[in-house]
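As structure tokens, the structure follows; a few thoughts come after it.
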Number of protein chains: 2
Amino acid sequence: MNLTNAVTLRQKVSQLFVVRASGHIYDIQRDFPQWELTNKELRSLLKEGVGGVILVGGSAWELKSRCKILREWAGNPILICADIEEGLGQRFEGGTSLVPPISLGQIYKKDSQRALQLAKEYGHCIGYQARSCGLNWVLAPVCDINTNPDNPVINVRAWGEDPSIVSHLIAAFQRGLDLEGVLSCAKHFPGHGDTNVDSHIGLPTINHKLKRLEECEFLPFQSAIASGVDSVMIGHLLLPNLDYQYPATLSKLIITDLLRKKLGFDGLVVTDALVMDAITRTYGPGQAAVMAFEAGADLIMMPESIELALQALCDSFQSGRLSLDSLDKALNRRYELLAKLTDSYCVTDQNPLTFHNQELERESDHSLSLNLINSSLEINHPRSIPSTSLGVNLVRIDGPFLGKSLINSSPALCIPEQAGYRTCLFHPKGISPWSNDKDSPLVLERLPEGLVLLQIFTRGNPFQGDLHQNEPWPSVVRQLQRHKLLAGLVVYGSPYLWNDLSQSLDKSIPSAYSPGNFLEVQRKLLNALFGSSAIKNSTSFSDLKQFTD
Amino acid sequence: MNLTNAVTLRQKVSQLFVVRASGHIYDIQRDFPQWELTNKELRSLLKEGVGGVILVGGSAWELKSRCKILREWAGNPILICADIEEGLGQRFEGGTSLVPPISLGQIYKKDSQRALQLAKEYGHCIGYQARSCGLNWVLAPVCDINTNPDNPVINVRAWGEDPSIVSHLIAAFQRGLDLEGVLSCAKHFPGHGDTNVDSHIGLPTINHKLKRLEECEFLPFQSAIASGVDSVMIGHLLLPNLDYQYPATLSKLIITDLLRKKLGFDGLVVTDALVMDAITRTYGPGQAAVMAFEAGADLIMMPESIELALQALCDSFQSGRLSLDSLDKALNRRYELLAKLTDSYCVTDQNPLTFHNQELERESDHSLSLNLINSSLEINHPRSIPSTSLGVNLVRIDGPFLGKSLINSSPALCIPEQAGYRTCLFHPKGISPWSNDKDSPLVLERLPEGLVLLQIFTRGNPFQGDLHQNEPWPSVVRQLQRHKLLAGLVVYGSPYLWNDLSQSLDKSIPSAYSPGNFLEVQRKLLNALFGSSAIKNSTSFSDLKQFTD
């Protein structure tokens, strides 16, 4: 092979990779400089032909510029994707936030037609905003069935616990996305729903036999394939009954024999991020990339080291371990998707001089968001939570930083404060409120005095491990009720925790639940629980802490 | 007065106001929707002729678009300002962050020439980045002398505790700003340094006699005026020896008789935000605006209600309470400043298609930032902090949300974690770690077990009241030393707390201080204290929590 061919090979192999970058414009804005390429690196890789970029963070306005810049740097069409499973606002400020998909699984049980319509609008909203900003590949729908309520990484991201419901909903979601012509991705094959290990941290094992998988886990993927999903993402999952040796991401038995041959998916197969600990603890960066390709993946997401992965793959093609034919096949799958895209990206109000009060979020997006909140919340309102001169707003969060969901001006803090409930925030990385007494797990002396409004935020977030499951919330509810201290209860996120607590809760206690946790959700639930009387018409300036210096 | 004149009057009076808006592009991104106008409101007010906009929040990239959009809406030249006392990065992501001005007061004592050079570069850096983004009015320098170490609102924002040092430094800062042709603002006249009340919450009283004020508080303002400062901001301060009745903002004795006549300042006078509780607790929105103008202010910052304030001022001009002559004088001061500005705003890399790896932060800005960190830090490094399998990284912050300074990937959390110190974050709005025992104020049972690295973030931030002053930090240091539990100590922010603690600290304990608290500062201090051996070369993926879903 001569030098010219070698260059061509490297350029071709580059197209097999999706690299990670910040959605922000400037390098110094990167939230994770260890994992996000600099602009210089990114530009150079795009010139080399890298196949796609996954973006995280930044505002929608930045994202519009960002996508234009990346395309300019690439010269050729590229895939630009993001994990916007719950609306563009989940990752990019200014986009719409939607309550998590689990809400639609709940609505479906009451009104399946309504749920299907909402799921379609859900996909349409995400597709529209993605396209408006220049993204062309949405890494959704999640096709995992959350059969395990303790799942630390899927949980509310799933569309439900029932294979048939999930299958119907993700098909409707796909129809919504299709209206905007953006690409979709069914994940995480063959099904990440029944795990209690987070693959960001370790490798989850799923011990189900093929029969059970066929009757449950595979169904939503088959539905997605039948609905024309554009790509399938393989999860970092060990399924010993399918392949006792390799995780799905690196398994030929699972990708080629099962997904391609048995389930008949001939579209683009992408790995989950190879940088995740489930892979890196066992496989080197070059080795993992070669194995994933060999197993049947067409695109390698976020290799631990792009340089080593590129080199290892080039070597394997040159040595003949991998066939050039298989390379062309993988590249063609990507070309076909790119060819399917229309040119209508990024045509909206990016020019500051033609910006006229035009929100990215349209009226219909906002209505959908409110509609989903209203359709999925639960409120038990035997009476209003009383105003008091001495109350405690005890707020439990998954970790110290909840991002835009919890800021100083959040309704979850401001509304109770206006009614006399002082904020007491805690999370597993702070001072412990816990005793060893099972019946009285909260050490009340560690809290401010007074009636307690208990608000629990718990999404079962990745990286958090099994945190909230070690916290004895039903006992806490009983303890506070025994002491006549419980003024109200709100759960944001897990429907499983909400169901557990509902059983311990005295019917006279005002309580509420939403699968979502963003500001609009908080406002809705707390306004309902406190009633209008407790809420001041105007907020004092000093109620809003850290407004400015 | 006929209708045409009435319209003209309202348009003219509109120019007396500076309104607040978010630096973000879209309405739904606003962090404080109660206080930040919607785009529709803003556009309408700008069409009416409103004189200026103060922007808070957003990224530098958004800010560039934002300023263009506001100018387009206004049609006529307007003032666009921001509180970027410590670098554009203090308010807008992507801008440079500089350690607070107090650092230069410290450096001055050791090397005055170097401090003056750095202060000039400080102004130059802010001026350059402000101009690049389209801001034309920098609300700095702070001319308050921080004679009261317990000052909750000025503190590290001041350039020092010595009138002469502050005077020299702010003059150098002004020379730096001048290089970029942006407007400046000396604040908060007649001097906010000797207060222990935060004017965001209440009205501070300063009981000094005129003689003391002339020998101390006034000097930096006189220096600023002599250096050609463009505007002076009046603070919400009661000085009974100057005016027993009215706060400075509303006091003719202070604005007209003292600042204008006695100190000879004929430039633009602007109020501090009228929306602050120091004013609104006593004066209505219309009343406050009329009184401020009557006292001699040319511009009203952030009225509690723009509509009521506008109406009240129009009424006062029409009734003859205020003279139209005084209106023209005030408007002229603003025109003159606008006329002074060059047209060179917003000329840089806003076009995505010509963006080529160009950071807003230039090499020289970055060097200045590092230079200031290095020149103002203190490190006592008798030995490295040991790695351990059982350590606690006890981090104290002013409130639950520190913004971009403390995120999951912050060095203040990640570096200790890599050395075995588990994060335990606390703040006054969380579970209390405090006992009533003066000698053992920390309840050790509430913390995880192990050696403690204690990190204290305290800026004396506005809205936080006198929080850290009630926390017995010297006793905590002695307690941890007594139990041989103190592995290290880091203070970010207050030099006064650092000095206090240094006296209690055993010389064998590694410790460090910086007036700044942002990521680069944390990295610098902790790398020094831990030494290179404790730091892993690469970070595991799961060390970086919440990287993505």
Exercise for the section: Can you work out which of the residues in region A:34-85 that are closer than 27 Å to B:R66 by Cα and of a type in the set (S, T, Y) is farthest from the other protein chains (Cβ to nearest Cβ)? Expected result: A:T38
Problem - Test: A:I225 is β-branched (V, I, T) and either open to solvent by less than 10 Å² (accessible area, probe 1.4 Å) or under 26 Å from A:S14 (Cα atoms) (or both) - result: no
Exercise for the section: Considering every residue within region A:181-204, establish whether at least one is in a loop (DSSP other than H, G, I, E, B) and among the basic types (K, R). Expected result: no
Exercise for the section: Need at least 1 residues that are closer than 25 Å to B:P220 by Cβ per element, so show me which helices (runs of 4 or more DSSP H) inside region B:254-338 make the cut, counting only ones lying wholly within it. Expected result: B:277-280, B:285-295
Problem - Within region B:409-422, considering residues that are open to solvent by 30 Å² or more (accessible area, probe 1.4 Å) and outside any strand (DSSP E or B), the one farthest from the other protein chains (Cβ to nearest Cβ) - result: B:Q418
Exercise for the section: Please work out which one of (1) assigned to a helix (DSSP H, G or I); (2) open to solvent by less than 40 Å² (accessible area, probe 1.4 Å) is the condition B:R478 fails and give its number. Expected result: (2)
Exercise for the section: Considering only residues that are open to solvent by 10 Å² or more (accessible area, probe 1.4 Å) and in contact (Cβ under 8 Å) with a residue 60 or more places away in the chain, look in region A:428-454 and name the one that is farthest from the other protein chains (Cβ to nearest Cβ). Expected result: A:L451
Exercise for the section: Kindly establish whether A:G176 is within 25 Å of A:G123 (Cα to Cα) and in contact with a helix residue (DSSP H, G or I) (Cβ under 9 Å, 6 or more places away or on another chain). Expected result: yes
Handout entry: Yes/no for B:S44 being at pLDDT 95 or above, open to solvent by 10 Å² or more (accessible area, probe 1.4 Å) and under 20 Å from B:G403 (Cβ atoms)
Key = no
Fill in the blank from the handout: With criteria (1) more than 9 Å from chain A (Cβ to nearest Cβ); (2) within 22 Å of B:S514 (Cβ to Cβ), B:L425 comes up short on (1)
Problem - Criterion (within 14 Å of another protein chain (Cβ to nearest Cβ) and over 27 Å from the mean Cα position of the chain (by Cα)) met by exactly one of B:L308, B:L313, B:L327 - result: B:L308
Exercise for the section: Working only within region B:317-345, note down all residues that are in contact with an Asp or Glu (Cβ under 8 Å, 6 or more places away or on another chain), over 19 Å from B:F265 (Cβ atoms) and not hydrophobic (A, V, I, L, M, F, W, C). Expected result: B:R321
Problem - Selection from region A:87-106 of residues that are open to solvent by less than 10 Å² (accessible area, probe 1.4 Å) and either in contact with a strand residue (DSSP E or B) (Cβ under 6 Å, 6 or more places away or on another chain) or more than 9 Å from chain B (Cβ to nearest Cβ) (or both) - result: A:G87, A:L88, A:F92, A:G94, A:L98, A:V99, A:P100, A:P101, A:I102, A:S103, A:L104, A:G105
Problem - Residue in region A:265-302 that is nearest to the other protein chains (Cβ to nearest Cβ), counting only those that are open to solvent by 10 Å² or more (accessible area, probe 1.4 Å) and of a type in the set (D, E) - result: A:D272
Problem - Residues (open to solvent by 10 Å² or more (accessible area, probe 1.4 Å) and part of a loop (DSSP other than H, G, I, E, B)) located in region A:231-242 - result: A:P240, A:N241, A:L242
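Per-residue answers, yes or no, for (1) within 9 Å of another protein chain (Cβ to nearest Cβ); (2) within 27 Å of B:H427 (Cα to Cα):
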{"site": "B:E359", "(1), (2)": "yes, no"}
{"site": "B:R362", "(1), (2)": "no, no"}
{"site": "B:H366", "(1), (2)": "yes, no"}
{"site": "B:L372", "(1), (2)": "no, no"}
{"site": "B:V392", "(1), (2)": "no, yes"}
Practice task
Could you check, for region B:376-388, whether at least one of its residues is within 30 Å of B:K110 (Cβ to Cβ), crowded, with 21+ Cβ neighbours inside 10 Å and of a type in the set (S, T, N, Q)?
Solution key: yes
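The values are calculated or read from the model by the stated rules, or taken from the named source; none is laboratory data. Nothing here was measured: the structure is a model prediction, and the numbers come from that model. Using ideal geometry, Cβ is built from the backbone for each residue, glycine included, and neighbour counts are taken over all protein chains shown. Note: accessible area is taken over every heavy atom of the protein model, side chains too, but ligands, DNA and RNA are not part of it. Shrake-Rupley method; radii C 1.70, N 1.55, O 1.52, S 1.80 Å.
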